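Encoded as structure tokens, the structure appears first; notes follow it.
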Amino acid sequence: MTTIAEMTIEDLKEFVDQAIDKRLTQMLGSFEIAEEIDDEGESWDEIRDDVERHRWTPPPGAKSSLELLREDQDR
């Protein structure tokens, strides 16, 4: 296993990204990322409908943003 001292900047960035992704998935669960959509020519109603279709809803029992903020403040 490589130590942090032996890592390149790119290796370290990848390591941090993976750690953050893992932690977020543990806390919030996983969700799909919508495909890229060409927004050119869409009306406001179409855009609003698209946002509603792709809105992420936290899983049942997930902590609220206020609870997460209070936990961070208590640390």
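Each reported figure results from applying straightforward, stated rules to the coordinates on display, with no laboratory input. All values reported here derive from a predicted model rather than from experimental measurement. A quick note on method: Cβ atoms are made from the backbone with ideal geometry, for glycine too, and the neighbour counts reach across all protein chains shown.
One table, with the values for the structure above:
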| item | result |
| --- | --- |
| Backbone N within segment 1-31 under 14 Å of label point (7 Å from Leu68 Cα along the Cβ vector) | 20-31 |
| DSSP loop GluC sites (Glu not before Pro) with at most 14 other Cβ within 10 Å excluded, longest remaining stretch of the chain | 43-75 |
| Rounded to 10°, Cα long-axis angle of helix 9-28 versus longest principal axis of the chain | 60 degrees |
| Sites Glu52 and Phe15, calculated FRET efficiency, Cβ-Cβ separation with R0 30 Å, nearest 0.05 | 0.25 |
| Nearest 10 degrees, 0 to 90: helix 65-74 Cα axis against the chain principal axis | 20 degrees |
| Computed helical MRE - 222 nm, the chain, DSSP H runs ≥ 4 contributing -39500 (n - 2.57), nearest 500 | -17500 deg cm²/dmol |
| Rounded tilt (10° steps) of 44-54 against the dominant C-alpha axis of the chain | 40 degrees |
